[in-house]
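Worksheet: the structure to be examined is printed underneath.
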Amino acid sequence: AQSVTQLDSHVSVSEGTPVLLRCNYSSSYSPSLFWYVQHPNKGLQLLLKYTSAATLVKGINGFEAEFKKSETSFHLTKPSAHMSDAAEYFCVVSTDTNAGKSTFGDGTTLTVKP
Amino acid sequence: EAGVAQSPRYKIIEKRQSVAFWCNPISGHATLYWYQQILGQGPKLLIQFQNNGVVDDSQLPKDRFSAERLKGVDSTLKIQPAKLEDSAVYLCASSLEFGRGEQYFGPGTRLTVT
């Protein structure tokens, strides 16, 4: 079985300040982990992915995430928030066993204040 | 490359009516997914195809939902009869790799059941 918990349903930051979106996962197998972003009325877009290579993963638009197996976490960070970062963010766990099923977290809404 | 196409973008129906959604994945992507995203929640996998075979449909309400992927390319998802709780956005995604690959999402179909 696998599951994803996004620890914050809403995060609010000021423009120019750091962003931290937290994700914990559970998986019986060696997982792949993803972060997707969903802007209003837009499709889901991949930010970054971890697939058992480097534990620190860099993505698009200055985002990065670190895979910590001991903590079963995959938190998303960005040093300086931009207004355009305001969106819904989803953490996803997947494996090539368990029928390759992907499990989404419930999402974190990021608000960026001017 | 062309993205994942879905139609219609919006649909309003009355309960007990039927509805069908269409998805055309990215060319060459063997894996196709249908998700249901209820407002305020993360996407929930309904069914996953590998070519034209079903890999996982454990969360598909089979008494009212059906899906097919003829010839391993386009796919249709049908609801018959619809219930109020089926109001959601239905997302189609495709991927090149089974399980660990990035998923590419279509824009979704927003279904309202009245």
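In the range B:32-54, what residues are closer than 12 Å to A:SER102 by Cα and without any contact (Cβ under 8 Å) to a residue 12 or more places away in the chain?
B:GLY42
Which one of A:PRO31, A:PRO40 is touching a residue at least 40 places away in the same chain (Cβ under 8 Å) and under 23 Å from B:ALA30 (Cα atoms)? It would help to see each step written out before you state the result.
On the way: A:PRO40 fails: under 23 Å from B:ALA30 (Cα atoms).
Unique residue meeting the criteria: A:PRO31.
Looking at the range B:73-105, which of the residues that are hydroxyl-bearing (Ser, Thr, Tyr) and more than 21 Å from B:GLY28 (Cβ to Cβ) is surrounded by the fewest Cβ atoms within 10 Å (Cβ to Cβ)?
Initially, the range B:73-105 is screened for residues hydroxyl-bearing (Ser, Thr, Tyr), giving B:75-76, B:87, B:90, B:94-95, B:104.
From what's left, more than 21 Å from B:GLY28 (Cβ to Cβ): B:87, B:90.
Values: B:SER87: 17, B:TYR90: 23.
Per the criteria, the residue is B:SER87.
State yes or no: is B:GLU1 touching a Ser or Thr at 6+ places or on another chain (Cβ under 9 Å), more than 14 Å from chain A (Cβ to nearest Cβ) and modelled with pLDDT under 95?
It is true that B:GLU1 is touching a Ser or Thr at 6+ places or on another chain (Cβ under 9 Å), more than 14 Å from chain A (Cβ to nearest Cβ) and modelled with pLDDT under 95.
Restricting to the range A:83-112, name every residue that is part of a loop (DSSP other than H, G, I, E, B) and among the aliphatic types (A, V, I, L, M).
Filtering the range A:83-112 for residues part of a loop (DSSP other than H, G, I, E, B) gives A:86, A:95-97, A:101, A:105-107.
Passing the criteria: only A:ALA86.
Could you tell me which residue of the range B:37-66 is farthest from the other protein chains (Cβ to nearest Cβ), considering only residues that are under 14 Å from B:ALA88 (Cα atoms) and of a type in the set (S, T, N, Q)?
B:GLN37
May I ask you to say which residue of A:SER52, A:SER70, A:SER80 is under 21 Å from B:GLY101 (Cβ atoms) and assigned to a loop (DSSP other than H, G, I, E, B)?
Values: A:SER70 fails: under 21 Å from B:GLY101 (Cβ atoms); A:SER80 fails: under 21 Å from B:GLY101 (Cβ atoms).
None of the others qualify; the one that does is A:SER52.
Quick one: count up the residues across the range B:64-107 that are aromatic (Phe, Trp, Tyr) and on the phi > 0 side of the Ramachandran plot.
From the range B:64-107, those aromatic (Phe, Trp, Tyr) are B:65, B:90, B:98, B:104-105; that's our starting set.
From the residues that got through so far, the ones that are on the phi > 0 side of the Ramachandran plot too are none.
Total satisfying the criteria: 0.
Within the range B:73-104, take every residue that is closer than 22 Å to A:SER52 by Cβ and in a loop (DSSP other than H, G, I, E, B) and give me the one that is farthest from the other protein chains (Cβ to nearest Cβ).
B:LEU96
Here is a yes/no grid of residues against (1) closer than 18 Å to A:SER27 by Cβ; (2) touching a Lys or Arg at 6+ places or on another chain (Cβ under 9 Å); (3) among the small types (Gly, Ala, Ser):
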| site | (1), (2), (3) |
| --- | --- |
| A:SER52 | yes, yes, yes |
| A:THR55 | yes, yes, no |
| A:GLY62 | no, yes, yes |
| A:ALA65 | yes, yes, yes |
| A:SER70 | yes, no, yes |
| A:TYR89 | no, no, no |
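Identify, by number, the condition in (1) surrounded by 14 or more Cβ atoms within 10 Å (Cβ to Cβ); (2) more than 9 Å from every other protein chain (Cβ to nearest Cβ) that B:GLY108 doesn't meet.
Unmet for B:GLY108, out of (1) surrounded by 14 or more Cβ atoms within 10 Å (Cβ to Cβ); (2) more than 9 Å from every other protein chain (Cβ to nearest Cβ): (2).
With the requirement that a residue be in a loop (DSSP other than H, G, I, E, B) and either surrounded by 17 or more Cβ atoms within 10 Å (Cβ to Cβ) or basic (Lys, Arg) (or both), what does the range B:58-72 give you? Step through it out loud before you land on a result.
Looking only at the range B:58-72, we keep the residues that are in a loop (DSSP other than H, G, I, E, B), and these are B:58-64, B:69.
Those that are in a loop (DSSP other than H, G, I, E, B) and either surrounded by 17 or more Cβ atoms within 10 Å (Cβ to Cβ) or basic (Lys, Arg) (or both): B:LEU60, B:LYS62, B:ARG64, B:ARG69.
Mind checking which residues of the range A:23-34 are buried (at least 17 other Cβ atoms within 10 Å of the Cβ) and more than 11 Å from chain B (Cβ to nearest Cβ)?
Residues satisfying the conditions are A:CYS23, A:ASN24, A:TYR25, A:SER27.
The values are calculated or read from the model by the stated rules, or taken from the named source; none is laboratory data. What you see is a predicted model, and the numbers here were worked out from it, not measured in a lab. Glycine also receives a Cβ, built like all others from the backbone with ideal geometry; neighbour counts cover every protein chain displayed.
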